[in-house]
Amino acid sequence: MPLTDEQLERYSRQIVLREVGGVGQEKLASSSVLIVGAGGLGCPVAIYLSASGIGSVTVADPDEVDLSNLPRQVAFSTGDVGRKKVDALEDHLSGLRSNLVYGGFDRRLDASNVQERVGDCDVVIDSSDNFETRFLVADTCHHLGKPLVTASLFQFDGQLTTILPGGPCYRCLYREPPPPGRVPPCQEAGVLGVVAGVIGSIQAAEAIKIILGQGDPLVGRLLYYRAQDGWFRTLRYRKDPSCPCSETPPQIVSK
């Protein structure tokens, strides 16, 4: 659909970019994104993608807003404490854009529902906070041939990578989840809220690059950010021929 006068004005700073233009803005408007997790990463991802003109945003998260979430989950306010995150996020995003197609899925992704959710979108952004979900989503994206932008946080650090069909998969980078208890959750280890904003914003940028077909996504590269020292580093990784996802046709190997 051609852009309306309101859209031309709203997105004028993006449309003037040669790499975006009217055609690129129309691509954003016709695209759909699944965000797994409405936490510290998922909130800035959802805000920036919705504000950029993405047509449809679905957010999967079973949790309610807690007071301890507020320093990093910037889509929520004190009045949202106790509400379902997907409902509170819908209210916030509707204030940005009335024509956003929003879908809230207030259940945890598992083997019974993950393929349907992933299959309905163009790009998947994993902003989850547990290894079980992270590996399940990554395996499903590989199985269905969906682009994936995945990230994680730990204390003052953040990391992310982009996985495209045909390239190295998540299990080429991390073969298996760590043993239970090896990596403490953020409730125990802590996390600096602004790190989530940095990494979540880069996740949103990666999704936009994929949709537009512009730039060089972080494929085969793990971007690492350390706030205490103020540096970014990029580690390269390759496709592993012994990876369990190298089977043809690909299999969903998460249990």
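Do the conditions hold for Leu173, that is, is it within 18 Å of Ala111 (Cα to Cα) and either touching a residue at least 12 places away in the same chain (Cβ under 8 Å) or surrounded by fewer than 16 Cβ atoms within 10 Å (Cβ to Cβ) (or both)?
Against the criterion (within 18 Å of Ala111 (Cα to Cα) and either touching a residue at least 12 places away in the same chain (Cβ under 8 Å) or surrounded by fewer than 16 Cβ atoms within 10 Å (Cβ to Cβ) (or both)), Leu173 does not qualify.
Answer yes or no as to whether Asp240 is more than 12 Å from Thr162 (Cβ to Cβ) and of a type in the set (Asp, Glu).
It is true that Asp240 is more than 12 Å from Thr162 (Cβ to Cβ) and of a type in the set (Asp, Glu).
Being modelled with pLDDT of 95 or more and acidic (Asp, Glu) narrows it down to one of Asp110, Asp80, Asp120, so name that one.
One residue alone meets the criteria, Asp80.
Every residue in the range 178-215 that is outside any helix (DSSP H, G or I), on the phi < 0 side of the Ramachandran plot and modelled with pLDDT under 85, please.
Pro178, Pro179, Pro180, Arg182, Val183, Pro184, Pro185
Can you say whether Ala46 is touching a residue at least 40 places away in the same chain (Cβ under 8 Å), surrounded by fewer than 17 Cβ atoms within 10 Å (Cβ to Cβ) and in a helix (DSSP H, G or I), as far as the supplied structure shows?
When the stated conditions are applied, Ala46 does not pass them.
If you scan the range 1-43, which residues turn out to be in a loop (DSSP other than H, G, I, E, B) and of a type in the set (Gly, Ala, Ser)?
Ser30, Ser31, Gly37, Ala38, Gly39, Gly40
Just one of Val65, Val36 is within 16 Å of Asp106 (Cβ to Cβ) and without any contact (Cβ under 8 Å) to a residue 60 or more places away in the chain; which is it?
Criteria check complete, one pass: Val65.
Among the residues in the range 162-175, are any within 14 Å of Cys245 (Cα to Cα), part of a strand (DSSP E or B), among the aliphatic types (A, V, I, L, M) and within 17 Å of the chain's Cα centre (by Cα)?
For the range 162-175, residues within 14 Å of Cys245 (Cα to Cα), part of a strand (DSSP E or B), among the aliphatic types (A, V, I, L, M) and within 17 Å of the chain's Cα centre (by Cα): present.
Give the range 79-107 a look and list any residue that's without any contact (Cβ under 8 Å) to a residue 40 or more places away in the chain and either exposed (fewer than 14 other Cβ atoms within 10 Å of the Cβ) or not aliphatic (A, V, I, L, M) (or both), or say none.
Scanning the range 79-107 gives Gly79, Asp80, Gly82, Arg83, Lys84, Asp87, Glu90, Asp91, Ser94, Gly95, Ser98, Asn99.
Look through the range 155-169, keep the residues that are touching a residue at least 60 places away in the same chain (Cβ under 8 Å) and either over 21 Å from Gln214 (Cα atoms) or not small (Gly, Ala, Ser) (or both), and return whichever of them is surrounded by the fewest Cβ atoms within 10 Å (Cβ to Cβ).
The selected residue is Phe156.
Within the range 218-255, how many residues turn out to be modelled with pLDDT under 70, surrounded by 14 or more Cβ atoms within 10 Å (Cβ to Cβ) and not β-branched (Val, Ile, Thr)?
Counting residues in the range 218-255 that are modelled with pLDDT under 70, surrounded by 14 or more Cβ atoms within 10 Å (Cβ to Cβ) and not β-branched (Val, Ile, Thr) gives 2.
For the range 59-68, which positions are within 18 Å of the chain's Cα centre (by Cα) and surrounded by 15 or more Cβ atoms within 10 Å (Cβ to Cβ)?
Of everything in the range 59-68, those that are within 18 Å of the chain's Cα centre (by Cα) and surrounded by 15 or more Cβ atoms within 10 Å (Cβ to Cβ) turn out to be Val59, Ala60, Asp61, Asp63.
Give me the pairs, please: first residue somewhere in the range 1-19 and touching a residue at least 60 places away in the same chain (Cβ under 8 Å), second residue anywhere and surrounded by 16 or more Cβ atoms within 10 Å (Cβ to Cβ) and outside any loop (DSSP other than H, G, I, E, B), beta-carbon distance under 8 Å, and either six or more positions apart or on two chains.
Once the first residue is touching a residue at least 60 places away in the same chain (Cβ under 8 Å) and sits in the range 1-19, its partners that are surrounded by 16 or more Cβ atoms within 10 Å (Cβ to Cβ) and outside any loop (DSSP other than H, G, I, E, B) give Glu19/Leu212.
Please identify the pairs in which a residue from the range 129-154 that is more than 14 Å from Leu223 (Cβ to Cβ) and without any contact (Cβ under 8 Å) to a residue 40 or more places away in the chain has its Cβ atom under 7 Å from the Cβ atom of a residue that is polar (S, T, N, Q) and in a helix (DSSP H, G or I), counting only partners at least 6 apart or on another chain.
Listed by first residue and then by second, the contacts come to Leu144/Gln115.
Is one or more of the residues making up the range 23-42 at pLDDT 95 or above, surrounded by fewer than 21 Cβ atoms within 10 Å (Cβ to Cβ), of a type in the set (Ser, Thr, Tyr) and within 15 Å of the chain's Cα centre (by Cα)?
Among the residues of the range 23-42, at least one is at pLDDT 95 or above, surrounded by fewer than 21 Cβ atoms within 10 Å (Cβ to Cβ), of a type in the set (Ser, Thr, Tyr) and within 15 Å of the chain's Cα centre (by Cα), which makes the answer yes.
The values are calculated or read from the model by the stated rules, or taken from the named source; none is laboratory data. Everything numeric here is computed off the predicted structure, so don't read it as measured data. Cβ atoms come from the backbone with ideal geometry, glycine included; neighbour counts cover every protein chain shown.
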